[in-house]
Amino acid sequence: MLFPTPALTEADERVLIEVDGMRDELRHQLMGRPARWTGGLRKFLTADAVAASNSIEGFKVSTVDVEDLIAGERDVDVSEENREETLAYERMMTYIQTLHDVDDFGYSKGLLNALHWMLQGHRHTTQKPAGQWRRGPVYVTDARDPSIAAYTAPDADAVPALMAELIAWLDNTDGSHTLVRAAMAHLHLVSIHPWADGNGRMSRSLQTLMIAREGVLAPEFSSIEAWLGRPGNTWEYYQVLGRRGSEYRPDQDVAEWIRFNLIAYHQQAQTVHARFVRSGRVWDALADFTNEKNLDERLIAALHDVAMAGRVRRTRYEQNEGLSLQQAQRDLRDLVRSRVLEPVGRTRARFYVAGSAFPEAALDIARTPVTLTEPYGGYQGKGPLASK
């Protein structure tokens, strides 16, 4: 048995309409921007989702470091474990993004286990097999006391039937809005906990996959993983899941879970739109700067990374602009000579930050924060903290 999808309240419907409106507006705005600029935004949002979802599980890698790892940088100051987890999750997310327009797509045991192998294959053991349903019990322990099980998943013997029911549910629409179904899929999967490890990230990824299949926006613009990864939101995420009980009880009202996800969709849409606007204004300011200084417009990409992410590496600039090694090195050397950029570190590990002559107007725009509105006018959680 799976959780029943709750009926939406009038307030829920209003929030959902607002989310749809913001996503539709962003889709039209993206069409009006050059591909080289929106491509950088897509890469950032993908890296941000990977960094955030991994951080929920304790793997702490900054978004800018994730961007560098995805670009193939080897001299990034992260542990080998965090490097492996980052690249594994990025590979799985990249594959999910490619599935958005597959004509003969279908959910299946094979697909879900293959995605799990991409995520956990590097950790595969006999005791914790990757790409296979778990063979024994699994517990989610209390963050404050590991000897206490905050949640005990269904018996392993029940997993095949529960997953067969979930896969059938995924392949047959019930008329609910895609964003609501995606939130329910997340809850179903994380509650069944079908694998020995990696269930949280798989559940968040399944939600992202369902949004991608909807086709309104590319998944990197709609995923709520970055929102869930903010500390206060992560805490509330565990709270809401914890209030579902310490055991699998699908015969309950999960309206609170839907409301929590609608807040996430709404505020992530605000965040992405604000990033889009800020990024565009920074780009335009840098275009004015390069024009005023008679610099080649290709340099905007490097300067944009510095303004928005705090730094740029030669490899990423070279890749983004399709340059030769020598040309990229020469461009960055010239920017250092003119004090627009300042180098940090040596040889392969070197990156570049804003120098004394970097345009302050662009930095001011990039550093101005945005205030998010709360769509329900003040959602407050309740109850004891439940761990992941």
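The values are calculated or read from the model by the stated rules, or taken from the named source; none is laboratory data. This is a predicted model, so every value here is computed, not measured. Note that we place each Cβ from the backbone using ideal geometry, even for glycine, and neighbour counts take in every protein chain shown.
Using the structure shown, decide if Ala11 is closer than 28 Å to Ala255 by Cβ and assigned to a helix (DSSP H, G or I). Yes; evaluated as a whole, the condition is true for this residue. For beta carbons closer than 7 Å, sequence separation of 6+ or different chains, a first residue in segment 1-28 that is in contact (Cβ under 8 Å) with a residue 40 or more places away in the chain and a second that is in a helix (DSSP H, G or I) and small (Gly, Ala, Ser), the qualifying pairs are Pro6/Ala255; Val19/Ala269; Met22/Ala269; Arg23/Ala269. Within segment 44-56, residues that are assigned to a helix (DSSP H, G or I) reach partners that are of a type in the set (Gly, Ala, Ser) with beta carbons closer than 6 Å, at six or more positions or on different chains, in the pairs Asp48/Ala226; Ala49/Ser223; Ala49/Ala226; Ala52/Ala226; Ala52/Gly229; Ser55/Gly229; Ile56/Gly229.
Taken as a whole, the condition of being over 16 Å from Ile211 (Cβ atoms) and buried (at least 19 other Cβ atoms within 10 Å of the Cβ) applies to Thr38. When every residue of segment 134-143 is checked against the conditions, none turns out to be free of Cβ contacts under 8 Å to residues at least 12 places away in the same chain, within 25 Å of Asp251 (Cβ to Cβ) and not in a helix (DSSP H, G or I). Tell me whether segment 250-262 contains one or more residues that are at pLDDT 95 or above, within 29 Å of Gln29 (Cβ to Cβ) and among the charged types (D, E, K, R). Within segment 250-262 (the criterion being at pLDDT 95 or above, within 29 Å of Gln29 (Cβ to Cβ) and among the charged types (D, E, K, R)), the answer is yes, since at least one residue qualifies.
Candidates Asp284, Asp334, Asp296: the one that is in contact with a helix residue (DSSP H, G or I) (Cβ under 8 Å, 6 or more places away or on another chain) and of a type in the set (D, E, K, R) is Asp296.
Residues of segment 340-368 that are out of contact with any Phe, Trp or Tyr (no Cβ under 8 Å at 6 or more places or on another chain), part of a loop (DSSP other than H, G, I, E, B), at pLDDT 95 or above and not polar (S, T, N, Q): Gly355, Ala357, Phe358.
Restricting to segment 295-331, and then to whatever is of a type in the set (Ser, Thr, Tyr) and not in a loop (DSSP other than H, G, I, E, B), can you tell me which residue is surrounded by the fewest Cβ atoms within 10 Å (Cβ to Cβ)? Restricting to residues being of a type in the set (Ser, Thr, Tyr) and not in a loop (DSSP other than H, G, I, E, B), the top hit is Thr315. If you check Gly21 against the conditions, is it assigned by TED's automatic domain parsing to the domain that holds His188, touching an Asp or Glu at 6+ places or on another chain (Cβ under 9 Å) and either of a type outside the set (Lys, Arg) or loosely packed, with under 13 Cβ neighbours inside 10 Å (or both)? Against the criterion (assigned by TED's automatic domain parsing to the domain that holds His188, touching an Asp or Glu at 6+ places or on another chain (Cβ under 9 Å) and either of a type outside the set (Lys, Arg) or loosely packed, with under 13 Cβ neighbours inside 10 Å (or both)), Gly21 does not qualify.
All conditions in (1) surrounded by fewer than 19 Cβ atoms within 10 Å (Cβ to Cβ); (2) in contact with a helix residue (DSSP H, G or I) (Cβ under 9 Å, 6 or more places away or on another chain); (3) in contact (Cβ under 8 Å) with a residue 24 or more places away in the chain; (4) among the small types (Gly, Ala, Ser) hold for Gly131, with the sole exception of (3). So which of Thr290, Thr371 ends up being within 25 Å of the chain's Cα centre (by Cα), hydroxyl-bearing (Ser, Thr, Tyr) and not in a strand (DSSP E or B)? None of the others qualify; the one that does is Thr371.
The numbered conditions (1) touching a strand residue (DSSP E or B) at 6+ places or on another chain (Cβ under 8 Å); (2) buried (at least 19 other Cβ atoms within 10 Å of the Cβ) are all true for Ala185 except (1).
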